[in-house]
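Shown next, in structure tokens, is the structure this report addresses.
The values are calculated or read from the model by the stated rules, or taken from the named source; none is laboratory data. Here the structure is a predicted model, which means the values were calculated and not measured. Using ideal geometry, Cβ is built from the backbone for each residue, glycine included, and neighbour counts are taken over all protein chains shown.
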Amino acid sequence: DGGITQSPKYLFRKEGQNVTLSCEQNLNHDAMYWYRQDPGQGLRLIYYSQIVNDFQKGDIAEGYSVSREKKESFPLTVTSAQKNPTAFYLCASSRERRNTEAFFGQGTRLTVV
Amino acid sequence: DAKTTQPPSMDCAEGRAANLPCNHSTISGNEYVYWYRQIHSQGPQYIIHGLKNNETNEMASLIITEDRKSSTLILPHATLRDTAVYYCIVRGAIQGAQKLVFGQGTRLTINP
């Protein structure tokens with residue numbers, strides 16, 4: 001079945017370590033997105049990518065990095081520079097047209113101890 | 001991108017229609033209104049979207065005012081499984097790239 005997959009569902013890391021969250025889609029979508037969600041809050045955009053080898057900063061990109069080497073994959077690295085990395089991270093994808101919906105993965109809950 | 005304003009929370013009785021409002025007074029002529037919902041600890045789920053005409057699908061109806069400055073999502077017969085946070089989003093385009101910007105949403109609680 002087509003869809004968007006995030007792995008792992010739960011991730012624990014020690015403070016100061018970089019960690020990479022996986023996001024893969026087989027929907028042939030051009031655009032992909034990463035969001036962060038804190039408890040009781042809405043989604044905040046970290047990075048988005050319109051096309052392979054191109055990506056743009058969202059509203060809270062500091063302390064994060066991404067790559068888009070393949071159309072299907074948009075991994076997010078949470079670096080040690082991110083001061084409050086513990087959060088729920090959501091990946092999404094959509095076709096690159098204004099009137100199409102986005103599909104979301106089930107999220108990765110990252111806990112840094 | 002146009003901003004949206006939603007009430008932080010609403011309650012509705014099971015079996016009744018749930019009407020969720022959204023203001024988007026700065027929406028531009030080529031921007032669509034989208035609705036998503038998020039059940040606790042899951043990824044958001046697409047519900048419906050529209051430009052200026054009212055829309056209906058198997059999940060909900062979307063009523064957009066004639067001036068397009070506000071809209072209402074209608075869940076015709078709410079069930080307990082409709083308890084979720086509902087997000088109203090205006091989808092814009094910046095230099096070809098499209099951002100999806102979420103606000104705080106409305107926490108809808110369906111009561112038995």
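Can you run down the residue pairs with Cβ atoms below 6 Å, 6 or more apart or on separate chains, where the first is in region A:52-71 and at pLDDT 95 or above and the partner is acidic (Asp, Glu) and outside any loop (DSSP other than H, G, I, E, B)?
none
Can you find a residue in region B:35-50 that is farther than 19 Å from A:Leu43 by Cα and either surrounded by fewer than 21 Cβ atoms within 10 Å (Cβ to Cβ) or within 14 Å of another protein chain (Cβ to nearest Cβ) (or both)? Reasoning before the result, please.
At the first step, the residues of region B:35-50 found to be farther than 19 Å from A:Leu43 by Cα are B:50.
Among the residues that remain, those that are also either surrounded by fewer than 21 Cβ atoms within 10 Å (Cβ to Cβ) or within 14 Å of another protein chain (Cβ to nearest Cβ) (or both) are: B:50.
Checked against the condition, which is being farther than 19 Å from A:Leu43 by Cα and either surrounded by fewer than 21 Cβ atoms within 10 Å (Cβ to Cβ) or within 14 Å of another protein chain (Cβ to nearest Cβ) (or both), region B:35-50 yields at least one hit.
Can you say whether A:Asn18 is of a type outside the set (Asp, Glu), exposed (fewer than 15 other Cβ atoms within 10 Å of the Cβ) and in contact with an Asp or Glu (Cβ under 9 Å, 6 or more places away or on another chain), as far as the supplied structure shows?
On the way: of a type outside the set (Asp, Glu): yes; exposed (fewer than 15 other Cβ atoms within 10 Å of the Cβ): yes; in contact with an Asp or Glu (Cβ under 9 Å, 6 or more places away or on another chain): no.
So A:Asn18 fails the test.
May I ask you to verify whether B:Ile89 is within 11 Å of chain A (Cβ to nearest Cβ), surrounded by fewer than 20 Cβ atoms within 10 Å (Cβ to Cβ) and modelled with pLDDT under 95?
Working: within 11 Å of chain A (Cβ to nearest Cβ): yes; surrounded by fewer than 20 Cβ atoms within 10 Å (Cβ to Cβ): no; modelled with pLDDT under 95: yes.
In short, no.
Looking at region B:1-54, which of its residues are of a type in the set (D, E, K, R) and at pLDDT 95 or above? Outline the logic, then answer.
Residues of region B:1-54 of a type in the set (D, E, K, R): B:1, B:3, B:11, B:14, B:16, B:31, B:37, B:52.
Answer for region B:1-54, where residues must be of a type in the set (D, E, K, R) and at pLDDT 95 or above: B:Asp11, B:Glu14, B:Arg16, B:Arg37.
Sort through B:Met59, B:Met10 and tell me the only one that's at negative phi, without any contact (Cβ under 8 Å) to a residue 40 or more places away in the chain and either of a type outside the set (Asp, Glu) or touching a Cys at 6+ places or on another chain (Cβ under 8 Å) (or both).
On the way: B:Met10 fails: without any contact (Cβ under 8 Å) to a residue 40 or more places away in the chain.
Of B:Met59, B:Met10, the one residue that is at negative phi, without any contact (Cβ under 8 Å) to a residue 40 or more places away in the chain and either of a type outside the set (Asp, Glu) or touching a Cys at 6+ places or on another chain (Cβ under 8 Å) (or both) is B:Met59.
Which of the numbered conditions does B:Met59 fail, given that it passes all the others? Conditions: (1) touching a strand residue (DSSP E or B) at 6+ places or on another chain (Cβ under 7 Å); (2) buried (at least 18 other Cβ atoms within 10 Å of the Cβ); (3) assigned to a loop (DSSP other than H, G, I, E, B).
(2)
From the list A:Gly42, A:Gly16, which one is more than 14 Å from every other protein chain (Cβ to nearest Cβ) and either more than 16 Å from A:Arg109 (Cβ to Cβ) or among the aliphatic types (A, V, I, L, M) (or both)? Break it down into steps so the answer makes sense when it comes.
Working: A:Gly42 fails: more than 14 Å from every other protein chain (Cβ to nearest Cβ).
One residue alone meets the criteria, A:Gly16.
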